[in-house]
1. When you scan the stretch 431-506 for strands (runs of 3 or more DSSP E) that lie fully inside it, which ones turn up with 2 or more residues that are within 13 Å of Arg87 (Cα to Cα), assigned by TED's automatic domain parsing to the domain that holds Arg26 and modelled with pLDDT of 60 or more?
2. Being at pLDDT below 85 and within 30 Å of the chain's Cα centre (by Cα) narrows it down to one of Lys66, Lys9, Lys14, Lys61, so name that one.
3. Quick check on my filter: what residues within the stretch 234-262 are surrounded by fewer than 16 Cβ atoms within 10 Å (Cβ to Cβ) and within 19 Å of Tyr274 (Cβ to Cβ)?
4. Can you find a residue in the stretch 216-235 that is in contact with an Asp or Glu (Cβ under 8 Å, 6 or more places away or on another chain) and not β-branched (Val, Ile, Thr)?
5. Tally the residues that are assigned to a loop (DSSP other than H, G, I, E, B) and farther than 20 Å from Ile103 by Cα, restricting the search to the stretch 6-18.
6. As an exercise: evaluate Lys272 against (1) in a loop (DSSP other than H, G, I, E, B); (2) closer than 30 Å to Gly439 by Cβ; (3) out of contact with any helix residue (DSSP H, G or I) (no Cβ under 8 Å at 6 or more places or on another chain) and give the number of the one condition it does not meet.
7. Given the conditions (1) in contact with a strand residue (DSSP E or B) (Cβ under 7 Å, 6 or more places away or on another chain); (2) surrounded by 21 or more Cβ atoms within 10 Å (Cβ to Cβ); (3) under 25 Å from Ser279 (Cα atoms); (4) not acidic (Asp, Glu), which single one is not true for Ile382?
Amino acid sequence: MVRNDRWIKEMACKGMIEPFEEGLVREGVISFGVSSYGYDMRVADEFKIFTNINNTVVDPKNFDPKSFVEFKGEVCIIPPNSFALARSVEYFRIPRDVLVICIGKSTYARCGIIVNVTPLEPCYDKETEILTKEGWKRFEDLKDNEEVATLNKEGVLEYQRIEKMQKFRFKGDMIQLKGRNIDLLVTPAHLMYVKNRYKEHFEFIPAEKIYGKYNYELKRNCLWNASDIEYFDLPSIMLDSESLPPLRIKMDDWLRFFGLWLAEGSAYKTKKEYIVKISCFGKKKETVKEWLSRLPFHFIETDTGFSILNKQLAIYLMQFGKASQKFVPQFIKELSSRQIKIFLEAFMFGDGNIEKETFTTSSKRLADDLQELILKAGWASIIRRIPKESYNHDIYKIRISKTHITPKIYKNSFSKIPYDDYVYDVTVPNHTLYVRRNGKACWSSNCWEGYLTIEISNTTPLPAKIYANEGIAQLIFLKAEEECEVSYADRKGKYQAQQGIVLPKI
């Protein structure tokens, strides 16, 4: 059934078309926007104009990129009997049960200018994890309304709600990028978030296009825009039938104490009292004593460290579990980068190798939390699991990287891995995700819907003008009674997910 303007507007509000023009703009321009039963999309100001200067045979299976001249401007001139490639201004996210037919604008068609449109998709293997607001999860464990970590144009981490989830069977060779700091296994058409070392900005390029190349690098860090919080309120408790009010502590002082305690402390109850302990030896004692003196608790120095007898403090700390169950409370993850660094430095001071900048813990949850905090501090990290054969339980080592945050991709970083299983992905507005595999995390792309590559043919013997940022073609939306069994994305359509102008390929 053909969908009308009301349906198009409703779906556009859910992200199907962006940017979206809810009226039909027509005054002095080639019209664009919503029509009665369709949407007139615009052409952007980026063009690839065909030229026969090299006398190359036009081979759809092996098209020579040198046959195009790149042009950027408000008006593109297509030579006689030639054509140009362009992209849409709008970004499209088409539902699985909707088919879209593209028809060139009559304004151009009546001048002998023919417009055609083609639509790609990326996906991750089942072992890949994604950072969410609730921590690290596998794609198969995500909920529909999950908020996941994305990267905006300014390089700032933003949590965005999932707009669409993808899962389908893939059989064939996956592309693996593996090195000291990276580990990704993706479908060949998956868009990598990479930067050419000769360019200033990161961009989306299919994995198959950079396979075997060495002049690209990935991104592992980000900015985190959160504000300082001045105070921490230790929750109230009942003591001898009386309620002790919340105890207010300067946040920076609390973070030093809590980071140290989480690394080297314990909290428990005996028959008579509640006890908080921090293990500490040697020269570290003077620093720890100075930190403790800033807190409103009486402490006792012992041969092995310090003890605090305080029910209110102990009850609060006891919720964070023993060694293998420890974790970081959510509010610390929402602090500013500066305050997160205070916590991490205190944790490192207690149970880390300062020279090698590594943490060690028996708690997987804590290791995951630390990796998230390291990212928000502006750094990167990897987690290495040491199996319990070497210890009584698994050990996790987290290594911070403050300098190697954009690892280079080398020729030997690539390999092709046979795969026959489900692959997964999600779609978010920023089109970037923070993912990891085997503890190695980096930024990558989400499942594309994307811009449309537009083919504009000039069938006339005269030069033809194409006007950027004005209407170029009408999209008609047909909604099926039920979803198809195998979609274009499921078939791994070769033009799914394009982020710019994509040349012919097989």
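The values are calculated or read from the model by the stated rules, or taken from the named source; none is laboratory data. As the structure is a prediction and not an experimental result, all values here were calculated from the model. All Cβ positions, glycine included, derive from the backbone under ideal geometry; neighbour counts span all protein chains shown.
1. Filter on the stretch 431-506 gives 453-458, 464-467, 471-479.
2. Unique residue meeting the criteria: Lys14.
3. Residues of the stretch 234-262 that are surrounded by fewer than 16 Cβ atoms within 10 Å (Cβ to Cβ), as a first pass: 235-236, 238-246, 248, 250.
The answer is Pro235, Ser236, Met238, Leu239, Asp240, Ser241, Glu242, Ser243, Leu244, Pro245, Pro246.
4. Taking every residue of the stretch 216-235 in turn, at least one turns out to be in contact with an Asp or Glu (Cβ under 8 Å, 6 or more places away or on another chain) and not β-branched (Val, Ile, Thr).
5. 2
6. Only one criterion in (1) in a loop (DSSP other than H, G, I, E, B); (2) closer than 30 Å to Gly439 by Cβ; (3) out of contact with any helix residue (DSSP H, G or I) (no Cβ under 8 Å at 6 or more places or on another chain) is unmet by Lys272, namely (2).
7. (3)
To keep it simple, each residue is scored yes or no on (1) under 28 Å from Phe170 (Cβ atoms); (2) among the acidic types (Asp, Glu); (3) in contact with a Cys (Cβ under 7 Å, 6 or more places away or on another chain).
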position: Glu372; (1), (2), (3): no, yes, no
position: Ile409; (1), (2), (3): yes, no, no
position: Pro418; (1), (2), (3): yes, no, no
position: Trp443; (1), (2), (3): yes, no, no
position: Ile466; (1), (2), (3): no, no, yes
